[in-house]
Each structure stands twice: as C-alpha cells, then as structure tokens.
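Notes for the one structure printed next.
The values are calculated or read from the model by the stated rules, or taken from the named source; none is laboratory data. As the structure is a prediction and not an experimental result, all values here were calculated from the model. Please note: Cβ atoms are built from the backbone with ideal geometry, for glycine as well, and neighbour counts cover all protein chains shown. These area figures cover heavy atoms from the full protein model, side chains too; ligands, DNA and RNA do not enter into them. Shrake-Rupley method; radii C 1.70, N 1.55, O 1.52, S 1.80 Å.
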Amino acid sequence: MIKKLSLLALSSLIVSACSENPNNQVQLNDQQTGVIGGTKVSSSDRIAKTTVGLYDAKSSSLCSGTIIAPQLILTAAHCVDEKSDQLVVVFAQDFDQIKKNKNVARKTIKAIQHKDYNPKATEDTYDVALVRFEGSLPAGFAVAPLLTNFKNVTKNSNVTVAGYGLNWSWGVKTGAGTLRTTQLKVSRPLYGKTEIMLDQSLRRGICSGDSGGPMYVEVNGQLHLAGVASRGDSLPTRLTPDCFILSVFSRVDSHLDWIKRTSEVLMSIK
C-alpha cells in the first residue's frame with residue numbers, strides 16, 4: 001500500500017540539494033512498512049554511523065538503508081526504481097540537516113533490485129536492492145558487517161531496528177525524516193526460507209519510511225546487519241493504527257551470494 005505524507009518542506013530540501021529543478025515541490029509518499037515508539041539516534045551512536053536515508057524525487061518516496069561497502073547501500077527492492085535518476089542517499093540523523101550542509105546528500109549512480117523480487121508473494125519476496133552512490137563516505141560513517149551465521153537468532157531473541165519513518169501512525173501521521181531506533185523480539189526466525197518475522201505487539205517497531213532499514217544483531221559488542229525491512233501490518237480501518245502488530249525482514253544470510261555478485265556489477269560501472 002502506498003501512503004502519502006504531507007512533507008512538502010522536506011521534499012523541497014531534498015530537491016534543492018540534489019536536483020536540477022530546485023523550485024519543484026512534491027509530496028513524500030512511501031511503502032507501508034518508520035520506528036514507532038523508538039528513540040532518536042544521536043550522531044555519536046554506532047547506529048548513526050551505518051544507517052542512511054533514501055529519497056527519490058521521481059517517485060516521491062522515503063526509505064532507509066544500510067552501508068555495506070564504501071559506495072554501496074543495501075535497502076529494499078520496493079524502495080528503488082532502477083530507471084530513476086533522482087534517487088539520493090542522505091547521511092544525516094535528520095533530513096533537516098540538509099539546510100545546514102547539502103554535502104550530507106549523495107547522488108546515486110545505479111540501483112539494482114533482486115531479480116526474483118515479487119511484491120505479490122506472501123513470503124520469500126526477495127525484497128532487497130543494492131544502490132551505488134557517487135563519491136566517498138562522509139566523515140564519521142562506516143560499513144556495517146553482515147551477519148552470516150543465524151544460529152543464535154531464535155524465537156524471542158532481541159534485535160535492534162532503525163529507520164527514518166513515522167513515529168506515530170494513528171490519525172495524524174508524524175515523525176518521518178528523523179533516524180530512530182528500538183529493540184524488538186523475534187517472532188518467527190524462519191518466515192518462509194528467506195525472511196524473518198518480528199513481534200511489534202508492544203506498540204513499537206517499523207512503519208512507513210523504515211522500508212529498507214536495518215535489523216541489527218549484536219555479536220561480540222559489534223552490531224551486524226541481519227535483515228532488511230520489507231513490510232509490516234496494515235489494518236483495514238482508519239480507527240486502528242498501522243504498524244503495531246508485526247514486521248517482516250529479508251534475511252541477509254539468505255542473500256549473501258546475490259549481494260556479492262551484484263556488488264561486483266555495480267562497482268564495475270565506470
């Protein structure tokens with residue numbers, strides 16, 4: 001489901017920083033999957049060093065992603081249009097920081113969706129994509145290591161999620177454009193063959209704008225990227241909130257071969 005967010009000011013900032021049409025204003029709208037009940041992430045937090053925002057002025061979409069190489073972002077397939085020339089990566093804890101420093105935004109060179117991406121599937125949607133951006137990482141940012149061994153990710157395990165989405169989704173929807181984080185518990189470690197389901201029944205978790213954002217697991221004191229936010233719940237009435245029941249992430253370990261091959265393709269582009 002596509003939801004429109006009244007964020008004209010934010011959209012204008014992104015367009016003026018990264019587009020040839022600085023006077024163009026559009027509404028942000030994004031896939032239904034932001035952090036409800038989360039806390040803001042400070043610039044010194046380790047989550048802030050590896051998590052980024054994504055904005056596409058062509059589709060007016062806001063998403064999140066994770067740095068997995070010096071020029072590569074792992075995100076959700078539904079967050080990117082492979083033909084778009086207006087997708088940018090935002091390296092900031094709040095999109096408002098673009099007012100002070102336009103260098104926090106990077107144009108992208110190319111985005112590639114997983115070849116088996118299927119948004120109509122109920123499980124195993126292969127909802128992952130890789131994005132290569134121009135230039136180098138801004139100071140203070142770093143690559144997130146990938147979690148390759150899921151043996152310790154079991155039912156009721158604690159995981160950390162993050163993203164730039166909504167922090168309130170009941171009635172007036174607010175909070176998009178600010179990086180937030182929270183902890184959730186694993187509901188189903190294996191949802192299909194390639195996904196994991198998290199429990200959001202305590203009224204905190206991902207929502208609109210967090211699509212493509214990370215699920216981190218701590219290993220020996222370091223956060224490893226274990227999943228990519230794909231989708232969440234959406235109840236069929238305006239009197240009930242979205243994003244308060246469950247969320248589904250694509251498991252990184254299930255896509256390691258694709259990540260390696262696609263990284264090589266992207267980095268070969270001159």
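Restricting region 208-234 to residues that are over 16 Å from the mean Cα position of the chain (by Cα) and among the acidic types (Asp, Glu), which is modelled with the lowest pLDDT?
Residue satisfying both the conditions and the ranking: 233.
Every residue in region 138-148 that is under 12 Å from residue 72 (Cβ atoms) and open to solvent by 40 Å² or more (accessible area, probe 1.4 Å), please.
As a first pass, look at region 138-148 and keep what is under 12 Å from residue 72 (Cβ atoms): 143-144, 146.
143, 146, listed by residue number.
Only residues that are part of a strand (DSSP E or B) and either open to solvent by 10 Å² or more (accessible area, probe 1.4 Å) or of a type outside the set (Phe, Trp, Tyr) (or both): list them for region 45-55, please. Steps first, answer last, please.
Initially, region 45-55 is screened for residues part of a strand (DSSP E or B), giving 51-55.
Scanning region 45-55 gives 51, 52, 53, 54.
Hey, any hits in region 188-207 for a residue that's modelled with pLDDT of 90 or more and under 23 Å from residue 95 (Cβ atoms)? Lay out the reasoning, then the answer.
Restricting attention to region 188-207, the residues satisfying the condition of being modelled with pLDDT of 90 or more are 188-199.
Going one step further and asking which of them are under 23 Å from residue 95 (Cβ atoms), we end up with none.
Looking through region 188-207, none of the residues is modelled with pLDDT of 90 or more and under 23 Å from residue 95 (Cβ atoms).
In region 56-78, what residues are open to solvent by 10 Å² or more (accessible area, probe 1.4 Å) and outside any strand (DSSP E or B)? Working first, answer last.
Quick first cut of region 56-78, residues open to solvent by 10 Å² or more (accessible area, probe 1.4 Å) only: 57-61, 68-71, 78.
Listed by number, the residues that qualify are 57, 58, 59, 60, 70, 71, 78.
Residue 237 versus (1) open to solvent by 10 Å² or more (accessible area, probe 1.4 Å); (2) closer than 24 Å to residue 122 by Cβ; (3) at pLDDT 95 or above: which is the lone unmet condition?
Answer for residue 237: the failing condition is (3).
Taking region 189-229 as the region of interest, how many residues are over 15 Å from residue 179 (Cβ atoms), small (Gly, Ala, Ser) and in contact with a helix residue (DSSP H, G or I) (Cβ under 8 Å, 6 or more places away or on another chain)?
Total meeting the criteria: 2.
Pick from region 170-187 the residues that are in a strand (DSSP E or B) and at pLDDT 90 or above: which of them is surrounded by the most Cβ atoms within 10 Å (Cβ to Cβ)? Even if it seems obvious, please write down each step before you answer.
Going residue by residue through region 170-187, those that are in a strand (DSSP E or B) are 174, 178, 180-187.
Checking which are at pLDDT 90 or above leaves us with 180-187.
Details: 180: 27, 181: 20, 182: 20, 183: 13, 184: 24, 185: 14, 186: 23, 187: 18.
Only one residue fits best here, namely 180.
Residues 127, 81, 85, 94: which one is open to solvent by 50 Å² or more (accessible area, probe 1.4 Å) and touching a strand residue (DSSP E or B) at 6+ places or on another chain (Cβ under 7 Å)? Let's see the steps before the verdict.
Values: 127 fails: open to solvent by 50 Å² or more (accessible area, probe 1.4 Å); 85 fails: touching a strand residue (DSSP E or B) at 6+ places or on another chain (Cβ under 7 Å); 94 fails: open to solvent by 50 Å² or more (accessible area, probe 1.4 Å).
Just a single option satisfies the conditions, and that option is 81.
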